[in-house]
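Working notes, beginning with the structure itself.
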Amino acid sequence: MSDAVLDLPSTREEAWRWADLGGLAAAAALAPVAEPTHEFLDLPGARLLFVDGVLDEGRSRLCNVRLTTLEGDDHALGRRAAGTGWSLRLDAQGVADPVQIVHVATGGENHLASEIVLADDAVAEVVETFVGAGWQNCFTRTRLGKGARLMRSVRLLQPAGFVSLREAAEIGEAASLVAVFLGAGGQGSRIDAQLVMAGEGAFVEYGGTLLTSAEQKQECAVRVNHAQPNGASRQVWRAVASDRSQVSLAAAVDVARHAQKTDGEQSLRGLLLHRTATVNLKPELEIFADDVKCAHGATVGELDNRALFYMQSRGIPKARAQAILTRAFVADALERIGDETVRAAFEADADAWLDAALQ
Amino acid sequence: MLKIENLHAEIDGKTILKGLNLSVNAGEVHAIMGPNGAGKSTLGYVLGGRPGYEVTEGSITFDGQDLLELEPHQRAAAGVFLGFQYPVEIPGVSNVQFLREALNAQRGGRGEKPLSGGEFLKLAREEAKKLDMDAEMLKRPVNVGFSGGEKKRNEMVQMGVIDPKFAILDETDSGLDIDALRIVGDGINRIMRKPDKAVLLITHYQRLLDYVKPDFVHVLADGRITRSGGAELAHQLEREGYAEVAA
Ligand SMILES: Nc1ncnc2c1ncn2[C@@H]1O[C@H](COP(=O)(O)OP(=O)(O)OP(=O)(O)O)[C@@H](O)[C@H]1O
Ligand SMILES: [Mg+2]
């Protein structure tokens, strides 16, 4: 079972610079847990419950989602996910109700592939939630046709274990992908994303909030490849690390020679709740075109002591003041979620994490 | 109401307050004047309980209780308000959220019911209006992008909403234009000039004292009160300077 871990790349390879691959084996070897309960959000549309990577049909409603055999990709994580997975395909101008997917794991390891393929001008929203234990590995291939729009929200709430996500997306002409991730559990995580701006004027917002405590490690490596002109990409990530935990974020933008008028923004910010915690940030730009606008910022800091005292002097207890300031720090990254119900749920998860971490 | 005895305090190992004595009774307004670096703001921070300001000797009692025993937020709930010389900017937190959290935390600490969102907004809007602050500013992040005068006015809106028993106002007059000075002065009188309340006004200028008439004026120099008197002392200081009057 856990020999699967061995064919992952070594940490010497640059993209895996901070990778905690030992965590995968350890997660898979954890003792199994009882199936945790998880409620779907109050939204219309498809609801898929996967237990240890297998669809629980009795508790799911597929609507326009199908189960089918899918390929992986050439990435070490993506390759492992090949097999039966879920597929959302919309025809031109198609509009689907939100698709909710809950991944529950009771232990061991599971691998699941998925695809989201939107034809021209189709619009979809997908919300994924991870709970349970063990090692969950998902590969998602996204293809957006001309003018298509996808809103994706993913939250990692597993209290323990490891979640790895491999994402490969191709964004067509004037298409838009907005993806927001929230890591607010106790698990380790690894997000690897390769986004190709394949059509002119493609738009991507890709970011989120990673919250870590205890000895937890979360990592994320995103590469946006601007292959065509007039594209815009924004990567807004906020990391909050407490205790001896660690967050590592690598965000890269590649701009091809003819991808003129590209607008690429990377905003990476880390907040240390304790001096023993670590946030590694690595923004990277490789630009071959000459008429581009790329802004990147990467800062790591602590809570502003003056603001803390100001709030306390007005009557707000210290722990609450810390929670408010931390919440304000991550707000940027969560407010991109367009669906109010989803945003409220994600914010509540972040609040719950903060309240626990700042006890 | 407030009794400070032989107060010694240091920051980063440097002694700033060196045996300060001061008594303030309910119904009184005390002004504290003094040269730059004398320790006026330090006194305010020590009263507020700012971390890093270490009291090495002496005592502070407020309404009979040992103030130094209390956490900063407990001092606020007990009725102490510190108006900052340099109000702090808090990006991402609106004035409304900040002030409502503050008020309800204080009410909770006193066993009172929290105000609902609606009740709070009404109160905050009324107070903003009285201090001639655009209610729209309540929605903005705390002090972010506010001009110097707007920040000071915002301090007074906070004081009005919180309705403290004792206020230390650290150079609330600096940065205010002529009209704002009058509005803020009137605000201090309206909110704080009551028989059961008291004010410690830290200021460099007579102007504010024309509006908020002090019962006592003290000179704080080199960490001690070196001279005390009535309202006329402020005039004398303005004419003659600290070196002459309080050497
Ligand atoms: N962290 C610190 N370490 C050492 N000295 C400090 C520190 N903070 C303040 N001081 C010093 O403490 C002294 C008193 O400062 P304080 O701000 O109380 O003066 P003040 O009377 O309010 O002056 P002003 O009228 O300019 O506002 C000053 O000499 C200042 O430089
Ligand atoms: Mg001062």
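The values are calculated or read from the model by the stated rules, or taken from the named source; none is laboratory data. Fair warning: this is a prediction, and the values are worked out from it, not measured in the lab. So basically every Cβ, Gly included, is an ideal-geometry build from the backbone, and we count neighbours across all protein chains shown. For the accessible areas, the whole protein counts, side chains as well, though only heavy atoms, and no ligand, DNA or RNA atoms are used. Shrake-Rupley method; radii C 1.70, N 1.55, O 1.52, S 1.80 Å.
Observations on the structure shown:
- Criterion violated by residue A:204 - all others in (1) farther than 28 Å from residue A:344 by Cα; (2) open to solvent by less than 10 Å² (accessible area, probe 1.4 Å) satisfied: (1)
- Every test in (1) charged (D, E, K, R); (2) more than 15 Å from ligand 1 (Cβ to nearest atom); (3) modelled with pLDDT of 95 or more is passed by residue B:107 save one, and that test is (3).
- Consider segment B:8-42 and keep the residues that are under 14 Å from the mean Cα position of the chain (by Cα) and within 14 Å of chain A (Cβ to nearest Cβ). The one that is farthest from ligand 2 (Cβ to nearest atom) is B:42.
- In this structure, residue A:239 does satisfy being closer than 15 Å to residue A:190 by Cα and open to solvent by less than 10 Å² (accessible area, probe 1.4 Å).
- Leading residue by the ranking (nearest to residue B:151 (Cα to Cα)) among those in segment A:306-329 that are within 7 Å of chain B (Cβ to nearest Cβ) and among the polar types (S, T, N, Q): A:313
- Residues in segment A:253-278 that are more than 14 Å from chain B (Cβ to nearest Cβ) and among the polar types (S, T, N, Q) were compared, and the one that is surrounded by the fewest Cβ atoms within 10 Å (Cβ to Cβ) is A:276.
- Test: residue B:114 is assigned to a loop (DSSP other than H, G, I, E, B), more than 10 Å from every other protein chain (Cβ to nearest Cβ) and of a type outside the set (S, T, N, Q): yes
- Selection from segment B:141-162 of residues that are polar (S, T, N, Q) and either surrounded by fewer than 21 Cβ atoms within 10 Å (Cβ to Cβ) or within 11 Å of chain A (Cβ to nearest Cβ) (or both): B:143, B:147, B:158
- Of all residues in segment A:330-359, those that are surrounded by 21 or more Cβ atoms within 10 Å (Cβ to Cβ) and within 14 Å of another protein chain (Cβ to nearest Cβ) total 5.
- When residues of segment B:52-71 are limited to those that are open to solvent by 10 Å² or more (accessible area, probe 1.4 Å) and either assigned to a helix (DSSP H, G or I) or of a type in the set (A, V, I, L, M, F, W, C) (or both), the one farthest from ligand 2 (Cβ to nearest atom): B:69
- Check on residue B:163, at pLDDT 95 or above, away from ligand 1 (no atom under 16 Å from the Cβ) and over 26 Å from residue B:8 (Cα atoms): yes
- Residue within segment B:86-103 that is open to solvent by less than 10 Å² (accessible area, probe 1.4 Å), within 13 Å of another protein chain (Cβ to nearest Cβ), more than 16 Å from ligand 2 (Cβ to nearest atom) and not in a helix (DSSP H, G or I) present: yes
- Within segment B:166-205, restricting attention to residues that are of a type outside the set (A, V, I, L, M) and within 14 Å of another protein chain (Cβ to nearest Cβ), the residue that is farthest from ligand 1 (Cβ to nearest atom) is B:166.
- A residue that is within 12 Å of chain B (Cβ to nearest Cβ) and either farther than 27 Å from residue A:19 by Cα or open to solvent by 60 Å² or more (accessible area, probe 1.4 Å) (or both) occurs nowhere in segment A:286-293.
- Taking segment A:126-161 as the range and being among the aromatic types (Phe, Trp, Tyr) and either within 19 Å of residue A:214 (Cα to Cα) or without any contact (Cβ under 8 Å) to a residue 40 or more places away in the chain (or both) as the test, only A:135 passes.
- Sole residue being crowded, with 19+ Cβ neighbours inside 10 Å and polar (S, T, N, Q), chosen from A:64, A:110: A:110
- Where strands (runs of 3 or more DSSP E) fall entirely within segment B:1-51, those with at least 1 residues that are free of Cβ contacts under 8 Å to residues at least 60 places away in the same chain and open to solvent by less than 10 Å² (accessible area, probe 1.4 Å) are at B:2-11.
- Within segment B:166-177, considering residues that are over 15 Å from residue B:131 (Cα atoms) and modelled with pLDDT under 95, the one most open to solvent (accessible area, probe 1.4 Å): B:175
- Of all positions in segment A:98-105, none carries a residue that is of a type in the set (Val, Ile, Thr) and open to solvent by 10 Å² or more (accessible area, probe 1.4 Å).
- For segment A:157-187, the candidate set comprises residues that are over 19 Å from residue A:53 (Cα atoms), open to solvent by 20 Å² or more (accessible area, probe 1.4 Å) and not in a strand (DSSP E or B); within that set, the residue that is modelled with the lowest pLDDT is A:186.
- Matching option when the condition is away from chain B (no Cβ under 14 Å), under 30 Å from the mean Cα position of the chain (by Cα) and not aromatic (Phe, Trp, Tyr), among A:281, A:303: A:281
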